[in-house]
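Undergrad: Pasting in a structure now, in structure tokens, and then I'll have a few things to ask.
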């Protein structure tokens with residue numbers, strides 16, 4: 001290893017990341033691999049999973065298993081958890097990162113189908129992942145579950161109410177699952193603010209920059225800036241942290257509206 005190589009704090013560990021092929025999920029996948037973890041990389045599309053797994057393996061040498069799963073589909077999730085145990089015999093870190101925040105014309109025009117899909121991916125799926133992964137971790141060597149929430153949970157706007165409600169529910173799940181599967185399993189939330197992932201391409205940046213002028217840090221985050229919190233929660237450094245919501249948002253949740 002070179003002098004600049006990151007410490008192998010996750011050596012011997014296995015991490016599963018949903019929504020792991022792009023955006024914040026991909027940043028966490030890369031960081032975990034750099035830290036020595038083997039990975040199950042999941043998203044809805046198998047070709048994206050295969051591409052990400054191949055790229056990460058070629059760069060780091062870590063074993064990476066691609067697995068396509070729509071987390072909004074309850075019956076697909078047992079196979080996702082099984083894939084980790086069948087390939088590695090263990091699961092140490094789970095990141096519930098997959099999420100959607102679809103646009104809708106107005107609150108009264110929001111369809112039941114879109115509402116249910118938003119709740120399914122952002123709340124129902126993570127519940128099922130936590131339940132299945134957490135129970136197996138608790139029966140084994142324990143581990144860490146990291147839920148990825150949003151500041152929309154505490155500062156909702158009319159543009160994203162179903163998403164915000166789901167993320168608020170996810171924060172509640174963090175507390176409940178921390179109680180259910182402690183002391184061997186730690187469950188925490190990263191409450192993410194605005195990050196310049198591919199989703200940001202749809203933003204009106206002039207409007208956003210005016211809004212961001214009220215943030216303490218005056219800007220959106222770079223995707224790599226999620227890594228510090230994720231590594232803390234995935235590693236033994238957070239051995240006394242559970243049921244916590246860690247905000248990584250440049251101060252946007254405390255900014256004046």
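Undergrad: Please arrange 91, 114 by how many other C-beta atoms lie within 10 Å of their C-beta, fewest to most. Spell out each step's value before the answer.
TA: Values: 91 25, 114 15.
By the 10 Å Cβ count, ascending: 114, 91.
Undergrad: Out of all DSSP beta bridges in the chain, what portion is antiparallel? Express it as a percent rounded to 5.
TA: Details: 0 of 30 bridges.
In the chain, approximately 0 percent of DSSP beta bridges are antiparallel ones.
Undergrad: A further question on this structure: For helix 125-139, what angle does its Cα long axis make with the longest principal axis of the chain, in degrees from 0 to 90 and rounded to 10?
TA: For helix 125-139, the angle is close to 30 degrees.
Undergrad: Sticking with this structure for a sec: Evaluate segment 1-66: find the radius of gyration of its Cα atoms, find its Kirkwood radius, and give the ratio Rg to Rh. Don't skip to the end; give the middle numbers.
TA: Numbers: Rg = 11.1 Å, Rh = 11.5 Å.
Reported Rg/Rh (Cα atoms, Kirkwood Rh): 0.96.
Undergrad: Kindly state, to the nearest 0.05, the FRET efficiency for residue 208 paired with residue 74, given R0 = 35 Å and r defined as their beta-carbon distance.
TA: Details: r = 35 Å, r/R0 = 1.01.
After rounding to 0.05, the efficiency reads 0.50.
Undergrad: How long is the gain from residue 135 to residue 82 if the chain were fully straight, where each residue apart is worth 0.36 nm and the alpha carbon distance is subtracted?
TA: Working: separation 53, 0.36 × 53 = 19.08 nm, distance 1.25 nm.
Gain on stretching residue 135 to residue 82: 17.8 nm.
Undergrad: Please give the helix 77-88 orientation as an angle from the longest Cα principal axis of the chain, in degrees from 0 to 90, rounded to the nearest 10.
TA: 30
Undergrad: Could you list the residues of segment 96-138 with an amide nitrogen less than 20 Å from a label point located 7 Å from the Cα of residue 184 in the Cα-to-C-beta direction?
TA: 128-138
Undergrad: If you don't mind, another one. Under a GNM of the chain (C-alpha, springs under 10 Å), which listed residue has the highest mean-square fluctuation: 14, 148, 227?
TA: Greatest mean-square fluctuation among the candidates belongs to 227.
Undergrad: For each of 240, 67, count neighbouring Cβ atoms within 10 Å of the residue's Cβ, then give the residues from fewest to most.
TA: Lowest count first: 240, 67.
Undergrad: Right, here's the next one. How would you classify segment 106-240 from its alpha-carbon gyration tensor, with a ≥ b ≥ c the square roots of the eigenvalues: rounded for a/c under 1.5, else prolate if a/b is greater than b/c, otherwise oblate? Walk me through the numbers on the way to the answer.
TA: Details: a/c = 2.68, a/b = 1.41, b/c = 1.90.
Oblate.
Undergrad: Let me ask something additional. How large is the helix-only mean residue ellipticity at 222 nm for the chain, computed as the sum of -39500 (n - 2.57) over DSSP H runs with n ≥ 4, divided by its residue count, in deg cm²/dmol to the nearest 500? Walk me through the numbers before you get to the answer.
TA: Numbers: 8 runs with 99 residues, N = 257.
When only DSSP H runs of four or more count, the value is -12000 deg cm²/dmol.
Undergrad: To one decimal place, what Kirkwood hydrodynamic radius in Å is obtained for the chain from all pairs of distinct Cα atoms? Display every interim value, and only then the final one.
TA: Working: mean 1/r = 0.0542 Å⁻¹.
One over the average 1/r among Cα pairs gives 18.5 Å for the chain.
Undergrad: Moving to a separate point now. In degrees from 0 to 90, rounded to the nearest 10, what is the angle of the helix 161-181 Cα long axis to the longest principal axis of the chain?
TA: Computed tilt is about 30 degrees.
Undergrad: Report the residues of segment 151-190 in range of a label on residue 110: point 7 Å along Cα→C-beta, backbone N strictly under 20 Å from it.
TA: Label zone hits: 151-173.
Undergrad: Give me 175, 18 sorted ascending by neighbouring Cβ count inside 10 Å, so fewest comes first.
TA: Details: 175 16, 18 28.
Neighbour counts put them in this order, fewest first: 175, 18.
Undergrad: Using a ≥ b ≥ c from the Cα gyration tensor of segment 64-157 (square roots of the eigenvalues), is it rounded, prolate or oblate, where a/c under 1.5 gives rounded and otherwise the larger of a/b and b/c decides, a/b for prolate?
TA: Values: a/c = 2.88, a/b = 2.03, b/c = 1.42.
Prolate, since a/c reaches 1.5 and a/b exceeds b/c.
Undergrad: Based on the alpha carbon coordinates of segment 206-251, what radius of gyration and maximum Cα-Cα distance (Dmax) apply, in Å?
TA: 13.8, 42
Readers should treat all values here as calculations from the given coordinates under stated rules, not as data from a laboratory. None of these values were measured; they are calculated from a predicted model. Note that each Cβ is placed from the backbone with ideal geometry, even for glycine, and that neighbours are counted across all protein chains shown.
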